[in-house]
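The values are calculated or read from the model by the stated rules, or taken from the named source; none is laboratory data. Everything numeric in this text was worked out from a predicted model, so none of it was measured. Note that we place each Cβ from the backbone using ideal geometry, even for glycine, and neighbour counts take in every protein chain shown.
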Amino acid sequence: MSRTALRICPLCEATCGLTLTVEGTRVTGARGDRDDVFSKGFICPKGAAFGAVDGDPDRLRTPLVRRDGELREATWQEAFDAVAAGIRPVVERYGPHSVGVVLGNPNVHTMAGGLYPPLLLAGLGTRSLFTASTVDQMPKHVSSGLLYGDAGAIPVPDLDRTDHLLLIGANPLESNGSLCTAPDFPGRLKALKARGGTLTVVDPRRTRTAKLADRHVAVRPGADALLLAAMAQVLFEEDLADLGALAPHVEGVEELRAALADFTPDAVAGACDVDAGTIRALARELAAAPTAAVYGRIGSCTVAFGTLASWLVDVLNVLTGNLDRPGGALFPQSATDRTPRPAGPGHGFRLGRWHSRVSRHPEAKGELPVSALAEEIDTLTEEGEPVRVLVAIAANPVLSAPDGDRLDKALGSLDFMVSVDPYLNETSRHAHVVLPPPPPAQSPHYDFAFNALAVRNQVRYTRPAVEPEPGRMAETEILARLILAVTGMHGADPAAVDDLAIGQTLGKAVREAHSPVYGRDPGELAARLTGVSGPERRLDLMLRLGPYGDGFGARPDGLSLERLLAHPHGIDLGPLRPRLPQPLKTPSGKIELLPRPIADDLPRLRTAMRERPAGLVLVGRRHLRSNNSWMHNVPALTGGSNRCTLHINPQDAERLGVRDGAAVRVTGAGGEVTVPAEVTDAVRVGVVSLPHGWGHDRPGTRLGHASADPGVNVNQLLDGSLLDPLSGNAVLNGVPVEVDAAS
Ligand SMILES: Nc1nc2c(c(=O)[nH]1)N[C@H]1C(S)=C(S)[C@@H](COP(=O)(O)OP(=O)(O)OC[C@H]3O[C@@H](n4cnc5c(=O)[nH]c(N)nc54)[C@H](O)[C@@H]3O)O[C@H]1N2
Ligand SMILES: Nc1nc2c(c(=O)[nH]1)N[C@H]1C(S)=C(S)[C@@H](COP(=O)(O)OP(=O)(O)OC[C@H]3O[C@@H](n4cnc5c(=O)[nH]c(N)nc54)[C@H](O)[C@@H]3O)O[C@H]1N2
Ligand code: SF4
Ligand SMILES: [Mo]
């Protein structure tokens with residue numbers, strides 16, 4: 001007998017609602033949930049393969065504990081005993097910073113990852129935090145922190161209403177969007193065109209997204225900051241800057257005009273490889289559109305000028321009056337956002353409150369660059385302790401961060417490592433204890449991260465679609481027990497962790513004058529929370545205190561977990577609305593358009609104006625039926641065009657004697673790899689492209705299918721030294737490489 005169950009898809013940022021067909025504990029089918037208030041039935045091939053992803057026989061079913069050098073199946077009790085015994089003595093002897101924490105991307109796709117890592121970090125008190133953000137969007141956080149005083153305040157393009165979208169370094173037809181949660185991004189782009197709007201794509205590759213565009217600009221990789229600076233310069237020069245209703249909320253416009261004066265289209269054209277006329281046209285079109293949104297993603301972030309490019313994206317939205325207005329770029333308001341406080345000056349955002357031990361990289365948003373993880377483990381310094389113990393949650397830095405070979409060795413040298421991961425893969429194979437979460441069908445789902453980045457305000461929650469199998473432990477409980485084990489409370493009731501979090505949140509809320517529960521009794525409020533588990537009670541709390549919440553009775557028709565459960569396909573909360581000045585937390589209470597750290601980084605960009613690198617540079621690419629490093633083990637999603645090949649332009653191929661399908665050697669600062677070439681004019685001259693997340697040929701993993709067609713690790717071409725200095729983000733795109741026909 002089969003039944004159906006709803007499940008929000010956790011496989012990318014689009015958060016589509018799925019209707020699963022379930023037989024016993026097996027998911028045998030998945031289709032788009034047509035009644036989902038946000039995704040309305042959309043599904044992509046990954047979502048359609050949800051059952052195969054969920055039921056991958058290589059997923060671990062029990063914890064593994066290392067004994068006599070071998071990882072062996074163990075009970076949960078044995079596993080947590082081993083964690084406590086492995087970590088506590090190191091903390092006590094060498095202090096909290098000797099414990100490194102690595103958080104990978106799936107943490108933003110699980111409830112556990114949204115709720116527990118902050119408590120783990122607070123409990124440990126470590127500054128050795130490394131996450132996937134520093135191979136991804138950290139530049140955007142830094143730019144938002146500096147502009148708005150809040151690293152989490154990221155404006156989202158109003159896809160469904162804009163007249164003009166300028167899309168930079170993003171390929172949503174493959175990625176389904178990022179920092180812009182929009183189920184059916186491709187359909188929304190087609191709708192933009194159908195209603196007479198225009199789409200411009202800036203990308204060194206002619207991607208499927210670029211093919212949709214009215215205008216495709218094949219910029220030289222890494223040069224977007226120059227291109228955008230010149231567009232801003234044109235807006236000033238031609239008197240096209242018009243802040244409109246934003247003007248009272250912005251300071252620094254004149255300073256900005258002066259700072260960008262020499263970034264003229266003629267001055268940057270050579271370095272961008274985009275002619276000055278096109279740059280002027282881009283600026284004029286942006287200014288002329290009734291509404292417009294500038295949006296940048298991976299290709300604008302993971303480059304040497306990532307923070308400057310991210311900042312300029314927002315600068316252009318501000319200068320054209322498109323920030324915070326319908327059809328422009330707006331700040332979503334998610335249901336679990338904190339109770340909005342009254343507008344007014346805040347503490348602002350600071351960088352470099354501490355530095356990494358070896359290379360003295362400044363922290364950003366409390367994190368050190370994941371590029372520096374290997375050296376923080378394998379290098380001794382006069383002062384400070386190396387990372388001796390590592391807690392890795394949903395992270396595979398051996399493949400996703402620079403110089404995996406060095407990191408691989410470094411991980412092997414740790415005193416102790418624990419991985420919370422469903423797979424025994426390139427990273428978790430080094431762990432002393434592996435704690436496997438249940439597959440997604442057996443886990444509840446709420447999008448704490450992506451609802452705050454969605455093109456429409458809405459709220460959805462799905463309980464586990466399938467009853468957890470015997471012997472499984474919810475990932476929320478795994479993380480709660482992990483917190484207890486590493487903070488010296490091993491064996492305590494994991495519910496204590498949730499109670500502590502609830503107590504802290506309520507204790508604070510009742511003291512805040514703007515809170516709907518100001519002055520009330522926290523104990524009485526806690527007793528009113530509903531939910532079948534600690535994490536559900538915490539979700540109830542966040543919903544009720546949030547901007548749409550019932551405020552524990554203050555707004556009787558407001559949101560609560562109970563109300564959300566009564567709407568299994570979600571609740572639509574309406575289109576994005578202007579919110580300024582409320583989100584601003586800068587010391588001035590305004591948008592600080594030319595923050596000091598940005599101004600100080602502009603001379604570096606000025607130098608780049610004169611650069612004309614002669615050799616080839618490398619960029620990445622994503623494939624619709626893949627996801628970072630962990631989906632190559634699902635046969636239904638591999639094969640076809642989802643292959644680890646080097647895209648190279650016919651002109652470059654001819655010059656180098658490279659034939660289509662033949663092996664080529666690619667050499668970078670961190671090493672070399674040999675891959676088949678794919679000669680294609682989809683990539684511009686002077687640029688080659690390799691996807692990331694491949695290289696599944698290391699011993700000691702359990703990835704039967706992936707290891708049969710392992711591909712190569714593109715990040716082995718990097719040595720970890722190239723970073724965007726403000727954010728510590730790795731430079732993954734626009735990296736110099738040499739290519740020659742392998743003999
Ligand atoms: N060259 C190059 N490198 C890149 C990129 C690029 O564009 N080019 N992109 C970068 C980006 S944007 C990112 S986000 C990073 C990603 O970097 P990572 O986060 O390190 O890598 P992922 O492949 O997302 O895998 C994370 C791990 O989570 C595990 N996992 C999957 N589901 C779950 C779950 O439900 N719970 C738990 N606990 N674990 C789970 C997987 O088995 C895997 O081990 O890679 C970056 N690396
Ligand atoms: N199918 C699939 N979907 C995914 C993922 C996946 O691995 N597979 N990963 C998820 C994750 S973690 C993320 S962060 C998002 C990322 O989402 P996107 O940012 O949309 O990801 P990409 O497809 O890598 O698109 C980046 C584009 O930037 C271009 N580019 C490279 N260098 C430059 C440059 O210097 N300038 C400009 N203008 N463009 C450049 C590349 O050619 C590429 O087309 O995707 C998410 N969704
Ligand atoms: S677009 Fe993303 S969220 Fe939607 S079905 Fe595909 S993988 Fe899942
Ligand atoms: Mo990412």
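Being touching a Gly at 6+ places or on another chain (Cβ under 6 Å) and surrounded by fewer than 17 Cβ atoms within 10 Å (Cβ to Cβ) is a property that holds for ALA495. Here is the figure for the stretch 48-83: residues that are outside any helix (DSSP H, G or I), acidic (Asp, Glu) and under 25 Å from the mean Cα position of the chain (by Cα) total 1. Applying the selection to the stretch 284-301, what residues are within 16 Å of ligand 2 (Cβ to nearest atom) and either in a helix (DSSP H, G or I) or of a type in the set (Lys, Arg) (or both)? Correct list: LEU286, ARG297, ILE298, GLY299, SER300, CYS301. One residue stands out among those in the stretch 101-131 that are over 20 Å from the mean Cα position of the chain (by Cα) and of a type in the set (Gly, Ala, Ser): the one that is farthest from GLY534 (Cα to Cα), which is GLY125.
Quick grid of which residues meet (1) at negative phi; (2) more than 16 Å from ligand 2 (Cβ to nearest atom); (3) free of Cβ contacts under 8 Å to residues at least 40 places away in the same chain:
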residue: ASP324; (1), (2), (3): no, yes, no
residue: PRO332; (1), (2), (3): yes, yes, no
residue: THR336; (1), (2), (3): yes, yes, no
residue: GLY344; (1), (2), (3): no, yes, no
residue: VAL358; (1), (2), (3): yes, yes, yes
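SER626 falls short of the stated requirement of being more than 24 Å from the chain's Cα centre (by Cα), among the hydroxyl-bearing types (Ser, Thr, Tyr), outside the structural domain of GLU536 (by TED's automatic domain parsing) and modelled with pLDDT of 95 or more.
Scanning the stretch 212-249 for residues that are aliphatic (A, V, I, L, M), surrounded by fewer than 18 Cβ atoms within 10 Å (Cβ to Cβ) and in a loop (DSSP other than H, G, I, E, B) yields a single hit, LEU240. Are any residues in the stretch 552-581 buried (at least 18 other Cβ atoms within 10 Å of the Cβ) and either polar (S, T, N, Q) or over 31 Å from the mean Cα position of the chain (by Cα) (or both), and if so, which ones? Passing the criteria: PHE552, SER560. Taking the criterion of being in contact with a Pro (Cβ under 7 Å, 6 or more places away or on another chain) and closer than 25 Å to ARG195 by Cβ, the residues of the stretch 292-308 that qualify are ALA293, TYR295. Residues in the stretch 617-671 that are part of a strand (DSSP E or B) and either away from ligand 2 (no atom under 16 Å from the Cβ) or touching a strand residue (DSSP E or B) at 6+ places or on another chain (Cβ under 8 Å) (or both): 13 in all. For the stretch 716-731, filtering for residues that are surrounded by fewer than 24 Cβ atoms within 10 Å (Cβ to Cβ) and assigned to a strand (DSSP E or B) leaves 1.
For (1) crowded, with 19+ Cβ neighbours inside 10 Å; (2) away from ligand 1 (no atom under 11 Å from the Cβ), each residue gets a yes or a no:
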{"site": "GLN77", "(1), (2)": "no, yes"}
{"site": "GLY95", "(1), (2)": "no, yes"}
{"site": "ASN105", "(1), (2)": "yes, no"}
{"site": "GLY114", "(1), (2)": "yes, yes"}
